[in-house]
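Notes follow the structure.
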Amino acid sequence: MKLTILQNGLAKALKNVSRFTTSKSSLAVLNNVLLRTADGSLEVGATNLETGVIERVGARVEEDGAITVPARLLTDYVNALPDEQIELWIDETTQTLYLRCGKDKTTIKGISWEEFPILNSAVPNVDGWETIELPAQQLNRLIETVAFSAATDESRPILTAVLFDVALRHLTLAAADGYRLASDTVLLAEQFDGIGFSANVPAKPLGSFDTLFPDGVIRLSVNSRQAIFEGDNITVTTQLQSGKFPDYQQIIPTYKDVEPVIVTFNRVDLLKAAQRAKLFAADSANIVVFSPYDKKLTLSSSSAELGDNKTEIAADVEGLKTYRKDDEDILVSSTIAFNIKYVINILDAHDCEQMKLTITVESAPGVFSTVGNDDFVGVIMPMRINR
């Protein structure tokens, strides 16, 4: 391999892919990044055996070849170079990478690319793949509003995944961890030609997609074992989580037999109030009590060591029960408690002005949604209030 490449292009690719290396494996090569030439460009890749990524960088290639070198060392070294051209070449006999930039010349010992797991830079040309396309910003938006609800506890592996569910012209993402659920849906530009498909995609790599795929179009291809996300210059391949994802539609309350209380509020106002309440809820399992009343929503939190907080925001409240007293209808406040961290996650993931909270009794889930758009649903299980 012999080529010339710009420092900023190589540095960007190394930053993107090196997050997918791992030091937890007994395979030393998984600590390395793959450098290989293909179609007149340099491909920079990494994998942790569950997720692999390849980024293609423009280069002037004189000789083809490949090598793997330590990711951290190469990334730090390239970042420290000036924004100039870098010459790269390898000695296959000694598995050594040579770099020259200006007056700087360096050698880095590597491992043969043949010991590196196979990384696909495109979908294999075989049957069994289902494919859709959508704008990267649209997918990133779905991930932002849903993926935070996936579990981080490996005791139920299926809940560490985000469900991708495709039917006709709709793509729905859903995630749940046993305490909360989030789902969001977008309309695809083109109707899916098949009967639809679903895939359990691990949530962890999705958190990097806003950096890996900032714009352009993403082509998503899925078979029974893998999902491949292809952008203009980058390809991410991830193993699907096995098992059946819970029927998330059954978790969402329908309110067929009960009249709920619906609280419409300014998202930023509640977000700021929730952040204040959280300061006093840290040593009480993050419990914050929500009490909607006439034209307002009150948040209350308490700490035996720190003190108490009670704050209220303006809100439109519908469905409150009343009772008669002295020939006058008196509104009865509904009360429910949530883990305030879960509420903040939902509010912080959106940029809309108005949102809604729908509740019934303190032992039933609360449902957050956006005003004027039924695509997003966030369900949070209530917490017990000590009276």
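The values are calculated or read from the model by the stated rules, or taken from the named source; none is laboratory data. Note that the coordinates shown come from a computational prediction; the quantities given were computed from them, not determined experimentally. Ideal geometry is used to build each Cβ from the backbone, glycine not excepted, and the neighbour counts take in all protein chains shown.
Annotations for the structure displayed:
- Of note, Ile252 does not satisfy the criterion of being of a type in the set (Val, Ile, Thr) and touching a helix residue (DSSP H, G or I) at 6+ places or on another chain (Cβ under 8 Å).
- The single condition among (1) more than 27 Å from Ala11 (Cβ to Cβ); (2) outside any loop (DSSP other than H, G, I, E, B) that Lys204 does not satisfy is (1).
- Filtering segment 24-42 to residues that are under 15 Å from Gly110 (Cβ atoms), part of a strand (DSSP E or B) and touching a Ser or Thr at 6+ places or on another chain (Cβ under 8 Å) leaves Asn32, Val33, Leu34, Leu35.
- Within this structure, Phe20 passes the test of being of a type outside the set (S, T, N, Q) and under 20 Å from Phe213 (Cα atoms).
- Restricting segment 106-136 to residues that are in contact with a Gly (Cβ under 8 Å, 6 or more places away or on another chain) and assigned to a strand (DSSP E or B), the residue that is surrounded by the most Cβ atoms within 10 Å (Cβ to Cβ) is Glu130.
- Number of the exception - Arg72 against (1) more than 18 Å from Ile5 (Cα to Cα); (2) assigned to a strand (DSSP E or B); (3) of a type in the set (Lys, Arg): (2)
- Test for Val379: is it closer than 23 Å to Thr254 by Cα, at pLDDT 95 or above and loosely packed, with under 15 Cβ neighbours inside 10 Å: no
- Residue within segment 150-157 that is touching a strand residue (DSSP E or B) at 6+ places or on another chain (Cβ under 7 Å) and farther than 17 Å from Lys244 by Cα present: no
- Test: residue in segment 93-103 that is in a helix (DSSP H, G or I) and without any contact (Cβ under 8 Å) to a residue 40 or more places away in the chain: no
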